[in-house]
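Novice: Here it is, the structure in full.
The values are calculated or read from the model by the stated rules, or taken from the named source; none is laboratory data. A quick note: this is a predicted structure, and the numbers were derived from the prediction, not measured. With ideal geometry, Cβ positions are generated from the backbone for all residues, glycine too; neighbour counts draw on all protein chains shown. Side chains are part of the model used for accessible areas, which takes the heavy atoms of the whole protein and leaves out ligands, DNA and RNA. Shrake-Rupley method; radii C 1.70, N 1.55, O 1.52, S 1.80 Å.
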Amino acid sequence: MLAERVILVVGGTGLIGRAVVERLTAEDAIAIPASRKGTGGVVLDARKDASVAAGITDVLARYGRLDGVVVAAAPSARTLDPTRNSDPSQVLEAIDAKALGFLRVANAALEVMTTAGYGRIVGVSGQNAFLTGNITGAVRNAALIVVAKNLADSVAGTGVTVNSVSPATV
């Protein structure tokens, strides 16, 4: 089912992203890791619109299409300062890195996918969306889920799907 599908994995050199790339490759997909450094794949910084556009353009130039995107890019929850858990500036930075990064990548991919009439977009959220005790972690993950749901509704019937997954602690 995934054989020869071109799938961009944003955050593809991180812990979860690397595992996704390995699994997709095992399923014979063309898995393209994307990261700020471009190690082994495409340069793409999900915090910057121009970088996202350039990364998508790079994939299209190399492979001629884009069938799927997995967005696993975000700083680890362990990098959040627990003493700033309810600090609005940390919450905002975390939302930008995770939920808005997902939105930037998804918007760029949706342009390509809706034109093609096919595509799959998956955002990696996290269990913190459903827990209390970490405002920053909860809000950044919940925001990604809300973004994914709204995008999914907006492309219903186009052949494109948008989903989020919430893995346990890694």
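Novice: Taking the range 147-160 only, how many residues are surrounded by fewer than 17 Cβ atoms within 10 Å (Cβ to Cβ) and under 12 Å from Val69 (Cβ atoms)?
Specialist: As a first pass, look at the range 147-160 and keep what is surrounded by fewer than 17 Cβ atoms within 10 Å (Cβ to Cβ): 149-150, 152-154, 156-159.
From what is left, the residues that are under 12 Å from Val69 (Cβ atoms) are none.
Qualifying residue count, the range 147-160: 0.
Novice: Residue check: is Thr115 among the hydroxyl-bearing types (Ser, Thr, Tyr) and in contact (Cβ under 8 Å) with a residue 40 or more places away in the chain?
Specialist: No.
Novice: Do you know which of the residues in the range 141-170 that are more than 16 Å from the chain's Cα centre (by Cα) and outside any helix (DSSP H, G or I) is nearest to Gly14 (Cα to Cα)?
Specialist: Within the range 141-170, the first condition is being more than 16 Å from the chain's Cα centre (by Cα), and the residues that meet it are 153-159, 168-170.
Next cut, outside any helix (DSSP H, G or I) only: 155-159, 168-170.
Numbers: Val155: 29, Ala156: 31, Gly157: 33, Thr158: 31, Gly159: 29, Ala168: 16, Thr169: 14, Val170: 11 Å.
Among them, the one singled out is Val170.
Novice: Please count how many residues of the range 129-146 are of a type in the set (A, V, I, L, M, F, W, C), under 16 Å from Pro82 (Cβ atoms), in contact (Cβ under 8 Å) with a residue 40 or more places away in the chain and open to solvent by less than 70 Å² (accessible area, probe 1.4 Å). Explain how you work it out, then say what you get.
Specialist: Let us first name the residues in the range 129-146 that are of a type in the set (A, V, I, L, M, F, W, C), namely 129-131, 135, 138-139, 142-146.
Within this subset, residues satisfying the condition of being under 16 Å from Pro82 (Cβ atoms) are 131, 135, 138-139.
Cutting the leftovers down to in contact (Cβ under 8 Å) with a residue 40 or more places away in the chain gives us 135, 139.
In the following step, the residues that additionally are open to solvent by less than 70 Å² (accessible area, probe 1.4 Å) were identified as 139.
The number of residues fulfilling the criteria is 1.
Novice: Shifting gears a bit: Quick one: count up the residues across the range 123-139 that are modelled with pLDDT of 95 or more and under 18 Å from Val70 (Cβ atoms). Full working, then the answer.
Specialist: So the first thing to find is which residues in the range 123-139 are modelled with pLDDT of 95 or more, and the list is 123-125, 139.
Of the ones still in play, those that are also under 18 Å from Val70 (Cβ atoms) are 123-125.
The qualifying residues number 3.
Novice: Of all residues in the range 10-48 being part of a helix (DSSP H, G or I) and touching a Ser or Thr at 6+ places or on another chain (Cβ under 9 Å), which is farthest from Ala72 (Cα to Cα)? Walk me through how you get there before you give the answer.
Specialist: Taking the range 10-48 first, the residues part of a helix (DSSP H, G or I) are 15-26.
Retained after the next criterion (residues that are touching a Ser or Thr at 6+ places or on another chain (Cβ under 9 Å)): 15, 17, 21.
Values: Leu15: 9, Gly17: 5, Val21: 11 Å.
The extreme case among them is Val21.
Novice: A follow-up question, please. It is to be established whether one or more residues within the range 77-88 are within 18 Å of the chain's Cα centre (by Cα) and not aromatic (Phe, Trp, Tyr).
Specialist: Restricting attention to the range 77-88, the residues satisfying the condition of being within 18 Å of the chain's Cα centre (by Cα) are 77.
Still in the running and not aromatic (Phe, Trp, Tyr): 77.
Yes, there is a match, as at least one residue in the range 77-88 is within 18 Å of the chain's Cα centre (by Cα) and not aromatic (Phe, Trp, Tyr).
Novice: Okay, moving on. Among the candidates Thr115, Thr83, Thr39, which residue alone is closer than 18 Å to Ala19 by Cβ and surrounded by fewer than 14 Cβ atoms within 10 Å (Cβ to Cβ)?
Specialist: Thr39
Novice: Still on this structure, please answer the following. Consider Glu22 against the criteria (1) farther than 26 Å from Asn128 by Cα; (2) open to solvent by 60 Å² or more (accessible area, probe 1.4 Å): it satisfies all of them except one. Which criterion is unmet?
Specialist: With respect to (1) farther than 26 Å from Asn128 by Cα; (2) open to solvent by 60 Å² or more (accessible area, probe 1.4 Å), Glu22 is out only on (1).
Novice: Same structure again: Write out, first by first residue and then by second, each pair whose Cβ atoms fall under 7 Å of each other, whose residues are 6+ apart or on separate chains, and whose first residue, in the range 155-170, is under 18 Å from Ala138 (Cα atoms) while the second is exposed (fewer than 14 other Cβ atoms within 10 Å of the Cβ).
Specialist: Hits for this filter: Val170/Leu15.
Novice: Same structure again: For the range 49-140, which fully contained helices (runs of 4 or more DSSP H) count at least 2 residues that are closer than 28 Å to Arg5 by Cβ? Outline the logic, then answer.
Specialist: Values: elements: 49-63, 88-95, 101-116.
Passing ranges, in order: 49-63, 101-116.
Novice: What single numbered condition from (1) more than 17 Å from Val52 (Cα to Cα); (2) surrounded by fewer than 21 Cβ atoms within 10 Å (Cβ to Cβ) fails to hold for Gly126?
Specialist: Exception for Gly126: condition (2).
Novice: If you don't mind, another one. (1) over 21 Å from Gly126 (Cβ atoms); (2) buried (at least 20 other Cβ atoms within 10 Å of the Cβ); (3) of a type in the set (Gly, Ala, Ser): which one isn't true of Ala54, the others all being true?
Specialist: All conditions are met except number (2).
Novice: Looking only at the range 57-79, which residues are within 26 Å of Gln127 (Cβ to Cβ) and either of a type in the set (S, T, N, Q) or surrounded by 20 or more Cβ atoms within 10 Å (Cβ to Cβ) (or both)?
Specialist: Initially, the range 57-79 is screened for residues within 26 Å of Gln127 (Cβ to Cβ), giving 68-79.
Across the range 57-79, the qualifying residues are Gly68, Val69, Val70, Val71, Ala72, Ala73, Ala74, Ser76, Thr79.
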